[in-house]
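Everything below concerns the one structure shown next.
The values are calculated or read from the model by the stated rules, or taken from the named source; none is laboratory data. These numbers were taken from a predicted model, which means no experiment stands behind them. Positions of Cβ are generated from backbone atoms using ideal geometry, with glycine treated the same way; all protein chains shown enter the neighbour counts.
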Amino acid sequence: MKLKDIKLTNPYLELPELCYSRVEPKPLKKPFLIHVNSELADTLKIDVSDKEALTSFVNGELVLEGSDNFAMCYAGHQFGHFVPRLGDGRAINIGTVKDVNHINQHLQLKGAGQTLYSRSGDGRAVLRSSIREYLMSEAMHGLGIETTRALAIIGSEHSVYRQTWEKGSIVLRVSPSWVRFGTFEYFAHSKNFKELEALANYAINECYPHLNEEKDKYYHFFTEVMGKTARLMAQWQSIGFNHGVMNTDNMSVLGITIDYGPYAFLDDYDVNFVCNHTDKHARYSFGNQPRIGEWNLRALALALEPLVQKEHLEKVMTHYGRLYSRHFLYLMGRKLGLDEVSDNDFDFMKQMFGMLQSLHVDYTLFFRTLSRYNGERKELLKLGLFHTPMNEWLDEYDVRLEQNNTSQEERHKEMLKTNPKYVLKNYMLQEAIDQAEQGEFGLVDDLFKIAQDPYGEHKEFERWAGVTPDAFKNQKLSCSS
């Protein structure tokens, strides 16, 4: 369907007015289209062939029928400290469309100007952060991890100040839900319980409509959120992804990855890695993410107490650790090519992580190399300076593989579909950003292709499949990244 023929809806605006504020986008100067996600456009049934119209739409100039722009209000625990009112400070919701599966997908412009919740900010997004979100959200989708996505990104000649002058950009983000843990915290903290219940009903309709027939639907809602969050944390840990800002306002009640800021994929394996230089106390370190997922769920539980008995919420939370461990064990078993896993494998995996940590082994490259392991250890031993720890672990691995019933060929095939050859590491993204700031966007396109198929061989992109150059390893980024 051509853009001009699309009719948007705004189901969120049926909520009480305390939940949002209306706002109009402020277009950038001299906008131009950088990239469009054609696959997502097909899923949304949107014809993006008219690039001029698409650019105008992302810039907030082309207004579609039914559009009623607004910013969402929420609170949140930021680095453990409660902030009673936050909200969409640089994101403007422009409407909802149904995708090919008849699921509502909410369109949002990030970087389209100030809202009521911008505080001292300008409501803009710069080119570097926009490229990072545009590429990374698609990379997570390509890896099979639930996430928001982006339909298009535009650049401009609009100047934005971030310690130095940069160029403004807008990303058209897409998500089946933008409701956060912090959205519930806002109404619970302000004792607006009528709005809290309305929000819960909305979130259930949007994310878990099968719960509407349940007698204790709010209890079941929290149970679903807990389970989805435990699964997401296990996925992040298994793939080596560090979010960097796991504030409760950056946690989705749908259990998907949202709000890409100073994230990073691991270079060398380091359980203590911190990708956000603002995180002085390592609250959101890579290894701490599962615990923070639980902490954030407890904050959500507290916000839901006006709707659900406290003891029932506490009972749900007793299952978090077990669910997380079950998901993580399953995912790591697949990465290791094991037919079946049991709790007995945790010690074996713990030994592996200790070996990777001590040898400073590239996390992604290790598992991709292991995916072709046939008893010959040469390529694996190259990954670390010292051979003894790797040899000792491989001795254990050989013994463990004897329990498999599948053939070596079948194991290799499944592992190559589970362990990506490529993840978008920060040095790769920075090279694309550096070129983009000079007006060259070819590398953005290349990395987007890798993002959509991280398990493919892509011989033309072979240079991105190796170890991160030492000068670029384990860099920290800011929240504006």
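Structure data summary
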item	result
Residue list for region 233-258, filter: within 13 Å of residue 178 (Cβ to Cβ) and hydrophobic (A, V, I, L, M, F, W, C)	251, 253, 254, 256, 258
Cβ-Cβ under 8 Å pairs, at least 6 apart or on other chains, region 311-324 side of a type in the set (Val, Ile, Thr), far side in a helix (DSSP H, G or I)	316/219; 316/222; 316/223; 316/226; 316/301
Looking only at region 368-392, and only at residues there that are touching a Leu at 6+ places or on another chain (Cβ under 8 Å) and of a type in the set (A, V, I, L, M, F, W, C), the one that is modelled with the lowest pLDDT	385
Residue count for region 445-480, restricted to those that are small (Gly, Ala, Ser) and outside any helix (DSSP H, G or I)	4
Residue check for residue 158: out of contact with any strand residue (DSSP E or B) (no Cβ under 9 Å at 6 or more places or on another chain), more than 25 Å from residue 224 (Cα to Cα) and modelled with pLDDT of 95 or more	no
Residue satisfying condition, being of a type in the set (Val, Ile, Thr), assigned to a loop (DSSP other than H, G, I, E, B) and within 30 Å of residue 11 (Cβ to Cβ), within set 274, 245	245
Elements of type helices (runs of 4 or more DSSP H) contained in region 296-398, each with 1 or more residues being over 24 Å from the mean Cα position of the chain (by Cα), exposed (fewer than 14 other Cβ atoms within 10 Å of the Cβ) and acidic (Asp, Glu)	310-317, 345-359, 378-381
Test: residue 97 is in contact with a Pro (Cβ under 9 Å, 6 or more places away or on another chain) and hydrophobic (A, V, I, L, M, F, W, C)	no
Residue tally, condition in contact with a helix residue (DSSP H, G or I) (Cβ under 6 Å, 6 or more places away or on another chain) and buried (at least 22 other Cβ atoms within 10 Å of the Cβ), over region 223-235	5
Odd one out for residue 342, checked against (1) over 30 Å from residue 263 (Cα atoms); (2) in contact with a Gly (Cβ under 8 Å, 6 or more places away or on another chain); (3) of a type in the set (Gly, Ala, Ser)	(2)
From the options 293, 337, 321, 333, residue that is on the phi > 0 side of the Ramachandran plot and modelled with pLDDT of 95 or more	337
All positions within region 53-66 that are crowded, with 18+ Cβ neighbours inside 10 Å and either on the phi < 0 side of the Ramachandran plot or in a helix (DSSP H, G or I) (or both)	54, 55, 56, 57, 58, 59
Only one of 143, 151, 172 that is closer than 21 Å to residue 446 by Cα and out of contact with any strand residue (DSSP E or B) (no Cβ under 8 Å at 6 or more places or on another chain)	143
Selection count, region 250-264, where residues are surrounded by fewer than 24 Cβ atoms within 10 Å (Cβ to Cβ) and either among the charged types (D, E, K, R) or over 11 Å from the mean Cα position of the chain (by Cα) (or both)	2
Residue satisfying all of: in region 404-431; hydroxyl-bearing (Ser, Thr, Tyr) and in contact (Cβ under 8 Å) with a residue 24 or more places away in the chain; surrounded by the most Cβ atoms within 10 Å (Cβ to Cβ) among these	422
